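*Asks:* Quick one: structure below, then a few questions.
The values are calculated or read from the model by the stated rules, or taken from the named source; none is laboratory data. Please read these numbers as outputs of a predicted model, since none were measured by experiment. As a convention, Cβ positions derive from the backbone with ideal geometry for all residues, glycine included, and neighbour counts pool all protein chains shown.
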Amino acid sequence: DQQVKQNSPSLSVQEGRISILNCDYTNSMFDYFLWYKKYPAEGPTFLISISSIKDKNEDGRFTVFLNKSAKHLSLHIVPSQPGDSAVYFCAASALGQGGKLIFGQGTELSVKP
Amino acid sequence: GAVVSQHPSWVICKSGTSVKIECRSLDFQATTMFWYRQFPKQSLMLMATSNEGSKATYEQGVEKDKFLINHASLTLSTLTVTSAHPEDSSFYICSARGSDGYTFGSGTRLTVV
């Protein structure tokens, strides 16, 4: 039972354009969502998070949008840079379920110069 | 910021031997730590939740007698892969939850030959 899904395994974007990474979830108890960037053989690096009481959170070039009714969140990166190329994971947790993070399958972003 | 140190970063062991992986929160206390496993090009799969001073909670399908978790202090959790076999070869990552949120270790690449 995949509670967090990233249906796009890969995404290719031109430098300077917007990257949009999508994530869907099924567990209505999730109340905290995070995005991580990961390189092979390294631990994930935190990017941005959002609580379920908000629908948008912005930090520099990164913005996360949350649509609770659709159980959908997205990460926007604008403008995209070649250094953004990595695998991006969304993760969700439910405080009432121990706060453990459940990860999606990841989306490999490639930003081309 | 919060730092989690994970050691070793890589290990090769013979089939049938045991391997211990350490996860330390360096500048904060972590009452809860999480252990993940990642296969190539796949998601981070939660193995277990480790709470200081109590038994770990394992996810469905994870053999608790094979993957021994000890969380003896607020800054240290260990994962011991007992009687390792080639199918245990994977990338293992720990995460510690503190007041600032979740911090991940850099991961351990285990290869069982």
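*Asks:* Kindly establish whether residue A:93 is more than 25 Å from residue A:10 (Cβ to Cβ) and touching a residue at least 12 places away in the same chain (Cβ under 8 Å).
*Replies:* When the stated conditions are applied, residue A:93 passes them.
*Asks:* Further, regarding this structure: Condition first: within 10 Å of another protein chain (Cβ to nearest Cβ), surrounded by 14 or more Cβ atoms within 10 Å (Cβ to Cβ) and part of a loop (DSSP other than H, G, I, E, B). Now tell me which residues in segment B:17-55 satisfy that.
*Replies:* Across segment B:17-55, the qualifying residue is only B:43.
*Asks:* A further question follows. Out of the residues in segment A:1-49 meeting the condition of being in a strand (DSSP E or B) and β-branched (Val, Ile, Thr), tell me which one is modelled with the lowest pLDDT.
*Replies:* To start, the set of residues in segment A:1-49 that are in a strand (DSSP E or B) comprises A:4-5, A:10-14, A:19-25, A:32-38, A:45-49.
Cutting the leftovers down to β-branched (Val, Ile, Thr) gives us A:4, A:13, A:20, A:45, A:48.
Numbers: A:4: 96, A:13: 98, A:20: 98, A:45: 93, A:48: 96.
Filtering segment A:1-49 for residues that are in a strand (DSSP E or B) and β-branched (Val, Ile, Thr), the one modelled with the lowest pLDDT comes out as A:45.
*Asks:* Select from segment B:24-43 the residues that are hydroxyl-bearing (Ser, Thr, Tyr) and in contact with a strand residue (DSSP E or B) (Cβ under 6 Å, 6 or more places away or on another chain) and write down the one among them that is farthest from residue B:80 (Cα to Cα).
*Replies:* Restricting to residues being hydroxyl-bearing (Ser, Thr, Tyr) and in contact with a strand residue (DSSP E or B) (Cβ under 6 Å, 6 or more places away or on another chain), the top hit is B:43.
*Asks:* Okay, next question. Please tell me if residue A:25 is touching a residue at least 40 places away in the same chain (Cβ under 8 Å) and within 11 Å of chain B (Cβ to nearest Cβ).
*Replies:* When the stated conditions are applied, residue A:25 does not pass them.
*Asks:* Another question, then. Taking into account only those residues within segment B:6-16 that are surrounded by fewer than 16 Cβ atoms within 10 Å (Cβ to Cβ) and under 13 Å from residue B:108 (Cβ atoms), which is farthest from the other protein chains (Cβ to nearest Cβ)?
*Replies:* If we take residues in segment B:6-16 being surrounded by fewer than 16 Cβ atoms within 10 Å (Cβ to Cβ) and under 13 Å from residue B:108 (Cβ atoms), then B:12 is farthest from the other protein chains (Cβ to nearest Cβ).
*Asks:* Could you tell me whether segment A:43-65 includes any residue that is within 14 Å of chain B (Cβ to nearest Cβ), crowded, with 20+ Cβ neighbours inside 10 Å and of a type in the set (Phe, Trp, Tyr)?
*Replies:* Within segment A:43-65 (the criterion being within 14 Å of chain B (Cβ to nearest Cβ), crowded, with 20+ Cβ neighbours inside 10 Å and of a type in the set (Phe, Trp, Tyr)), the answer is no, since none of the residues qualifies.
*Asks:* Here's another thing I want to ask about it. If we scan segment A:84-100, do we find a residue that is touching a His at 6+ places or on another chain (Cβ under 7 Å) and modelled with pLDDT of 95 or more?
*Replies:* No, there is no match, as no residue in segment A:84-100 is touching a His at 6+ places or on another chain (Cβ under 7 Å) and modelled with pLDDT of 95 or more.
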